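A short reminder: the numbers here are calculations on the coordinates, not readings from a lab. This one's a predicted model, so the numbers in the text were calculated from it and none came from an experiment. Using ideal geometry, Cβ is built from the backbone for each residue, glycine included, and neighbour counts are taken over all protein chains shown.
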Amino acid sequence: MYKLQGIAVSPGVAIGEALVMGNEGFRIPRRFVTRDSVEYELDRLDKAIDDASKDIARSRDAVLKELGDKYAAIFEAHLQMLQDARFRSDLEEMISQRHYSPEYAVSRKVRECAQVFQKVQSRNLGDIFDIEKQLLRKLLGRRREELSKLRSPVLVLANNLTPSETAHLDRRFVRGFATEGGGPGSHTAIVAAGMAIPAVVGTGPFLTEVSGGDRVIIDGDKGLVVLRPDEETIAHYRHEAKEHRHLAARLEMLRDLPAETSDGVRIELMGNIEFPYEVDDCVARGADGVGLYRTEFLYLGQEQEPNEEDHFQAYSRVVQTMGNRPVTIRTFDLGADKVPHLPEPEDERNPALGQRSIRLSLRNVPMFRRQLRAVLRASSLGDVRIMFPLISTLLEFRQAKMILTDVMEDLTEHKIPFPKVPVGMMVEVPSVVMMMDHFVDEVDFLSIGTNDLIQYTLAVDRNNKEVVWLYNASEPAVLKLIDMTIRSARRKSVPVNLCGQMSGSSTYTMLLLGMGLRQLSVPPAVIPEIKKVCRSVSIPQCEEVARHALTLEHARDVSSYLRERLKQCVPELGQ
């Protein structure tokens with residue numbers, strides 16, 4: 001048994017089989033073989049080694065002819081490792097004595113070698129994983145399972161998950177995430193919360209310790225990952241998982257009740273969604289609308305840019321499902337490095353501060369216009385709002401609105417109907433908060449995006465595990481910026497929402513209500529929990545919490561105070 005401490009980003013407990021991403025998404029279909037099939041499995045291993053050796057030898061010979069001895073030596077080293085007598089005998093022993101399947105034996109043996117190479121800081125670490133890929137390709141052949149076509153439940157373990165990887169996972173079977181890198185605001189964390197599955201990020205290196213098919217526990221409450229747990233640990237976590245299910249069943253009873261405080265103040269609880277089908281979760285959990293519809297999935301992993309009809313179909317599905325409830329569609333919010341059909345940035349050393357989001361849209365006006373046309377067309381089907389992300393100056397917001405006005409005129413000229421659509425923006429950059437008295441004169445609504453706001457306020461890359469400990473929603477500077485935004489909006493009666501991960505944590509609900517927020521946008525899965533808090537407290541209680549929290553100087557003191565108050569007011573959530 002091996003335990004790793006990471007950062008908890010999505011609550012719950014998952015127990016299951018590991019799918020290790022990093023060996024090209026191979027999934028080990030079985031870990032053990034029957035005694036009477038050992039000879040057959042040994043033959044399969046021999047054939048795989050022989051076939052892989054022939055492939056490597058052909059590659060070596062081709063490289064030798066074209067590039068010479070120096071480059072061919074790389075493949076010669078692979079061949080020697082693959083044909084090493086001890087390597088082969090260890091694999092045969094695992095199959096004949098421990099009854100491991102050849103695939104599982106290869107994966108375990110490679111990880112034993114990798115740990116040795118890692119300790120001595122050998123350059124051969126990449127070579128040993130390449131040999132694993134070669135052998136697994138031969139052993140699995142057509143039985144290799146694509147990540148988008150899983151057939152049974154798995155827990156995904158990876159160094160990190162890119163947006164395009166998460167967009168193509170088969171979500172019916174992914175029961176949990178754990179990554180070596182990343183932070184609380186990473187894409188992996190956002191996706192896991194949306195899928196309502198346990199997730200832990202920022203554990204540090206561990207992929208050399210685990211093989212595909214190993215049993216794993218992901219504890220999304222405490223931020224723990226347990227590899228090859230013993231029976232006692234499994235029994236403990238099965239009990240925890242059962243408690244989670246019981247609590248979820250109790251909270252489910254609140255589905256049709258309003259999120260109304262004990263003194264009668266109505267709170268709007270909206271859903272954050274990333275894919276069209278997630279709107280069904282919003283309806284199932286009684287959401288008052290969709291407060292954040294991320295549209296990036298349309299671009300991820302696609303070789304070609306989505307056309308207007310692709311956009312329209314994705315938006316109309318959500319708008320029609322929500323009926324007369326509002327749907328806030330956020331325009332494109334990715335960096336150029338994440339979009340295959342756009343040119344690679346020439347000098348993008350820091351993508352978080354580079355050509356991304358609204359900046360990229362303003363640089364690619366035809367692409368931006370296609371999205372806006374589709375949103376406006378979909379607005380004729382329900383209550384739609386348009387939201388621009390990562391606005392940092394008044395000029396950017398005005399430029400975006402100018403393009404929107406131009407698109408509206410074009411639709412009108414072609415007699416394509418659409419209603420008056422509210423236009424708002426994300427509050428994610430401190431410069432916007434400093435100029436908020438001017439922005440409130442020009443926007444129809446605001447939505448505070450705490451994931452980026454924390455990152456830019458504290459100058460911390462939310463995906464960098466070396467500094468992720470600085471990324472904290474409880475930092476007093478972050479709380480003051482949120483408070484300033486709400487106060488400015490209130491002076492001009494501009495509706496304001498909070499849609500970052502902070503809003504989905506019940507720890508912060510009383511604080512946010514006390515600051516004056518009356519609308520929160522959260523992952524659909526946590527709507528019942530946040531509703532429970534809203535219905536258990538009064539606004540005066542929340543205002544008292546906010547007043548005290550804003551006097552504290554350290555994030556740890558804020559977090560401790562908020563947890564204590566939650567425990568007092570809603571004991572079943574504050575445990």
Exercise. Nearest-5 percent of antiparallel DSSP beta bridges in the chain?
Worked result: 35
Exercise. Among 258-270, 229-241, what's the highest-first ranking by average C-beta atoms within 10 angstrom per residue?
Worked result: 258-270, 229-241
Exercise. With +1 on each Lys and Arg Cβ and -1 on each Asp and Glu Cβ, how big is the dipole of the chain about its Cα centre, in debye rounded to the nearest 20?
Worked result: 840
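Quick one: which of 3/567; 420/532; 242/567 span more than 25 angstrom between C-alpha atoms?
Exceeds cut-off: 3/567; 420/532.
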Problem set entry | Normalised contact order of the range 35-143, rounded percent, pairs of Cα under 8 Å and 6 or more residues apart | 32
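Taking N as the number of residues in the range 454-575, what is its Cα Rg relative to 2.2 N^0.38 Å? Let's see the in-between values first.
Working: Rg = 14.2 Å, N = 122, 2.2 N^0.38 = 13.7 Å.
Rounded to two decimals, the normalised Rg is 1.04.
If you place +1 on the Cβ of every Lys and Arg, -1 on the Cβ of every Asp and Glu, and leave all else neutral, what size is the dipole of the range 35-143 about its Cα centre, to the nearest 20 Debye?
So the magnitude is around 360 debye.
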Exercise. Mind checking which helices in the chain clear 27 Å along their axis (Cα) and have mean Kyte-Doolittle hydropathy of -0.5 or more, DSSP H runs only?
Worked result: 394-413
Exercise. Which whole-number percent is the relative contact order of the chain (Cα, under 8 Å, 6+ apart)?
Worked result: 15
Problem set entry | Antiparallel bridges, percent of DSSP beta bridges restricted to the range 253-569 (to nearest 5) | 10
For this session: Compute the relative contact order of the range 253-569 as a whole-number percentage, counting only Cα pairs closer than 8 Å that sit 6 or more residues apart in sequence.
Result: 20
For this session: Kindly rank 548-554, 188-194, 63-69, 275-281 from highest to lowest mean number of other beta carbons found within 10 Å of each residue.
Result: 188-194, 275-281, 548-554, 63-69
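Can you show me the helix-derived [θ] at 222 nm for the chain, built from DSSP H runs with n ≥ 4 at -39,500 (n - 2.57) apiece and divided by the number of residues, rounded to the nearest 500.
Taken over the chain, the calculation gives -14500 deg cm²/dmol.
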Seminar exercise, completed: Taking a straight Cα-to-Cα line shorter than 15 Å from residue 133, and setting aside same-chain aspartates and glutamates fewer than 8 residues away, one finds 24, 50, 51, 55, 103, 145, 146
Seminar exercise, completed: For the range 253-569, the charge dipole (Cβ of Lys, Arg +1; Cβ of Asp, Glu -1; about the Cα centre) points to a positive end, and the Cα of 562, 421, 284 closest to that extreme belongs to 562
Problem set entry | Scaled radius of gyration (Cα, divided by 2.2 N^0.38 Å) that the chain gives | 1.07
Problem set entry | Square roots of 5 times each gyration tensor eigenvalue, C-alpha, the range 253-569, largest first, Å | 32, 23, 18
